[in-house]
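The values are calculated or read from the model by the stated rules, or taken from the named source; none is laboratory data. In this text the structure is predicted, and so the values were computed from the model without any measurement. Here the Cβ positions follow ideal geometry from the backbone for every residue, glycine too, while neighbour counts run over all protein chains shown.
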Amino acid sequence: MARDLDLALKNAPLRAPAPLFDRPRPARGVFTSQSGFLRALGVLAVLLLAVLPFLDASRYTMSIATSALIYVMLCMGLNVVVGYAGLLDLGYIAFFAVGAYVSGIFTTVLGFPMWLALPATIVACIVAGVIIGGPTLRLRSDYLAIVTLGFGEIIRITANNLEITGGPSGIHGIPSWDFGGWSFDDGFAIGGLEFPGYVVFYYFVATVVVVVGVIGAGRLAKGKLGRAWKAVRDDEDAAEAMGINTYVAKISAYIIGAVWAGMAGQLMSTHLSAISPNSFQFLYSALILMAVVLGGMGSTPGVIIGALFVSLAPELLRDFAEWRYLIFGILLVVVMLFRPAGLWPATAVLPWLKRTRPQPPPFTSAVGAIDQGVPDVEPSVMESVDGLPATDAEEGRQA
């Protein structure tokens, strides 16, 4: 009996069961799918960034827009750490300071051009992420938040007491980006239109933020690494039981967030041409975290909206003088009361897609395709489908 069963298993053809339903193709339209609408919204936002200097190229508008884009870059990096990996970091401004000071030291003390200081900034942020994240990421929840807060203050106090960082006065005279004999400060002319240096730098920041920050972080979240981050965020013990190296996943999120913050710090140092330790206080870490939570943790459009709200609201309320911060605080409380998951949470579904009823998929017409060219054999154990013998399974399909 055992020999006959063994022989039958060896001679039985291995067949994959045919699908019971045809898988429908996902919708790709602007108003019929979530991803299509977000892509169209992203293209519209990029076009708005490109058109803004033609509408208002004043120094004030360009300066505010550049600062807002730097905030977007910072919030996208923190969203990787907090939104995707679930690591509460209260000292994120430390990486912002590392990027700003490294680029400032390389360009003013060592005489490097700004584009050569960019690789040094990235390497310094990776090293800082490993040094700070290595011993701290074994902690969880409140303990992790307290330790990261301490590291953020250590970086600021260290910069305040070192001679190479300029001490309390900081670093001044940081040059702009230059290539050969041309600098961003020189500006250029296109078709008779003069673009001053601050407008040119605005274009540079817009390109870095939109292309590197938003698209890069969004693509990472959809890949294998992003799924590991979300598994660690939801349940670290379950993720580890499923074979995910949770420590590697967390340290990678920490390093990527540090690189994003370091690039934003370099852009800020070039934009302002001066940095000091007072620019990297805990208040700014709390402000960036507030923007991520306000927009919606783990949501790319939500984080962008939160960053723009936090950076632009005080300026839009400037006419209210000393009352503007009170109004700003009230607006934050109102938003969190009525939108506790954020302005655009990661689980948000477009309103018109909620009303769309799912259609049952049609039965497949290719059930018998797998049997073409296969000789008739006696039913065996290997031919069973879904726990039923092959003959019963075939009858169920034909029915």
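Structural remarks
- Criterion applied to Gly265, Gly226, Gly218 was being under 14 Å from the mean Cα position of the chain (by Cα), in a helix (DSSP H, G or I) and at pLDDT 85 or above, and the one residue passing it is Gly226.
- Looking only at the range 147-181, and only at residues there that are among the hydrophobic types (A, V, I, L, M, F, W, C) and in a loop (DSSP other than H, G, I, E, B), the one that is farthest from Phe106 (Cα to Cα): Leu162
- Figure legend. Inter-residue proximity from the range 132-153: first residues assigned by TED's automatic domain parsing to the domain that holds Gly257 and small (Gly, Ala, Ser), second residues modelled with pLDDT under 85 and assigned to a helix (DSSP H, G or I), beta-carbon distance below 6 Å, spacing 6+ or different chains. No pairs are indicated.
- Among the candidates Val130, Val147, residue that is modelled with pLDDT of 85 or more and under 22 Å from Glu240 (Cα atoms): Val130
- Residue identified as in the same structural domain as Ile251 (by TED's automatic domain parsing) and touching a Gly at 6+ places or on another chain (Cβ under 7 Å) among Thr158, Thr121, Thr107: Thr121
- If the condition is being in a helix (DSSP H, G or I) and touching a Leu at 6+ places or on another chain (Cβ under 8 Å), then the range 113-141 contributes Thr136, Ser141.
- Any hit, the range 312-325, residues being under 22 Å from the mean Cα position of the chain (by Cα) and among the aliphatic types (A, V, I, L, M): yes
- Listed by first and then second residue, the pairs with beta-carbon distance under 7 Å, at least 6 apart or on different chains, first residue in the range 232-261 and in a helix (DSSP H, G or I), second of a type in the set (D, E, K, R) and crowded, with 21+ Cβ neighbours inside 10 Å, are Val232/Lys250.
- Residues (in contact with a strand residue (DSSP E or B) (Cβ under 9 Å, 6 or more places away or on another chain), within 17 Å of Leu52 (Cβ to Cβ) and assigned to a strand (DSSP E or B)) located in the range 182-215: Glu194, Phe195
- Scope the range 272-292; condition surrounded by fewer than 20 Cβ atoms within 10 Å (Cβ to Cβ) and in a helix (DSSP H, G or I); matching residues: Leu272, Asn278, Ser279, Phe282, Leu283, Tyr284, Ala286, Leu287, Met290
- Yes/no for Gly167 being on the phi > 0 side of the Ramachandran plot, at pLDDT 85 or above and surrounded by fewer than 20 Cβ atoms within 10 Å (Cβ to Cβ): yes
- Sub-7 Å Cβ pairs linking a first residue in the range 77-93 that is closer than 17 Å to Trp344 by Cβ to a second residue that is assigned to a helix (DSSP H, G or I) and among the charged types (D, E, K, R), at least 6 apart or interchain, are Tyr84/Lys230; Tyr84/Arg233, ordered by first then second residue.
- For the range 184-225, the set of residues classified as among the aromatic types (Phe, Trp, Tyr) and more than 18 Å from Ala264 (Cα to Cα) consists of Phe188, Phe195, listed by residue number.
- Candidate set: the range 110-130, residues that are within 13 Å of Ile174 (Cβ to Cβ) and of a type outside the set (A, V, I, L, M, F, W, C); chosen: the one farthest from the chain's Cα centre (by Cα): Gly111
- Residue identified as closer than 20 Å to Gly265 by Cα and either without any contact (Cβ under 8 Å) to a residue 12 or more places away in the chain or surrounded by fewer than 20 Cβ atoms within 10 Å (Cβ to Cβ) (or both) among Ser58, Ser63, Ser35: Ser63
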